[in-house]
Amino acid sequence: MPELPEVETIKNELLPHIVGRRVTGVTLFWAGIVRQPSVEEFYSRLIGQGLTGLARRGKYLIFSLTSGEVLIIHLKMTGSLLLKPASAEADKFVRAILHLDKETELHFRDPRKFGVIWLVEDADSVVGKLGPEPLEAGFTPQLLAQRLTKRTAPIKALLCDQTFIAGIGNMYADEALFAAGIHPLREGGSLSAEEVKRLHRAIQQVLWSAIGNKGASVENYFRPDGTLGTAHFQFQVAHRLGGDLCSVCGTPVERIVVRNRGTYFCPKCQVEKT
Ligand SMILES: [Zn+2]
């Protein structure tokens, strides 16, 4: 699933091509992708609007429109947004096309059809419950410590909980916990002040590094020009299968399931505190 670094890359790379453009038409190959409003209203409210900005919140992309409304996209498991010249051939996995002026099209490609589009007046109706942004100045070790207080859920589950912290999913939670030397099953509230500091630093470090590498191309993630990111080549534990060895200590990386999510970690570098 695209996580913060992938969605941030898409935002950065789409921005110069779409701001100032006008929506001249919409093609929906699969109407189920529009969560809100009705399809008829979606067409009538979107066509003719100008795109005035593009922002990311958590794993959501938020397009500002001239009317003051916002178009929000969540790519879910396998979605990508591809910039194409007008009248480009759409492959069988393209679920929607936004036709823009200046001979540009935006293809929402989504093999597994979990992606969602909303057109709403207030972004908060979709993203209002998200936790803090991990790369913003307000996300301090103190804030992380405060939010972890008395939490009994495994730290891995908390990092993947979008209301706890926004934008982190399975891959970067595993990477951050490895970088911080913290076992994924530790109760959130059991982390020492020193461990919280290490985790805070690790979260920012793995996310910035992955943004620098334009995201991780696992499971259908593409950049808007159709090329791949390279962040997965830096992964230490995430998606390491079949006896891969920890790059630090040489112990085989292990896989366990934490709240239904496959979780990779080094049993030696990430010792569970008793
Ligand atoms: Zn190790």
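If the condition is being on the phi < 0 side of the Ramachandran plot and surrounded by fewer than 18 Cβ atoms within 10 Å (Cβ to Cβ), then the stretch 71-89 contributes MET77, PRO85, ALA86, ALA88, GLU89. Residues in the stretch 260-274 that are touching a Cys at 6+ places or on another chain (Cβ under 8 Å), within 23 Å of VAL218 (Cα to Cα) and open to solvent by 40 Å² or more (accessible area, probe 1.4 Å): ARG261 only.
Given the structure, is ALA176 crowded, with 17+ Cβ neighbours inside 10 Å and within 16 Å of the ligand (Cβ to nearest atom)?
yes
Once the stretch 218-247 is narrowed to residues that are surrounded by 13 or more Cβ atoms within 10 Å (Cβ to Cβ) and aliphatic (A, V, I, L, M), the residue that is nearest to the ligand (Cβ to nearest atom) is VAL237.
Scanning the stretch 248-269 for residues that are assigned to a loop (DSSP other than H, G, I, E, B) and within 10 Å of the ligand (Cβ to nearest atom) returns VAL248, CYS249, GLY250, THR251, VAL253, CYS266, PRO267, LYS268, CYS269.
Condition check for LYS92 on (1) outside any loop (DSSP other than H, G, I, E, B); (2) farther than 30 Å from CYS160 by Cβ: one failure, at (1).
Across the stretch 102-131, the number of residues qualifying as of a type outside the set (A, V, I, L, M, F, W, C) and surrounded by 14 or more Cβ atoms within 10 Å (Cβ to Cβ) comes to 9. Taking the stretch 21-55 as the range and being of a type in the set (Gly, Ala, Ser), more than 30 Å from SER209 (Cα to Cα) and open to solvent by 30 Å² or more (accessible area, probe 1.4 Å) as the test, the residues that pass are ALA31, GLY32, SER38, SER44, GLY48.
The values are calculated or read from the model by the stated rules, or taken from the named source; none is laboratory data. Note that the coordinates shown come from a computational prediction; the quantities given were computed from them, not determined experimentally. No Cβ is skipped: glycine too gets one built from the backbone with ideal geometry, and neighbour counts run over all protein chains shown. Just the protein is used for accessible areas: all its heavy atoms, side chains included, with ligands, DNA and RNA removed. Shrake-Rupley method; radii C 1.70, N 1.55, O 1.52, S 1.80 Å.
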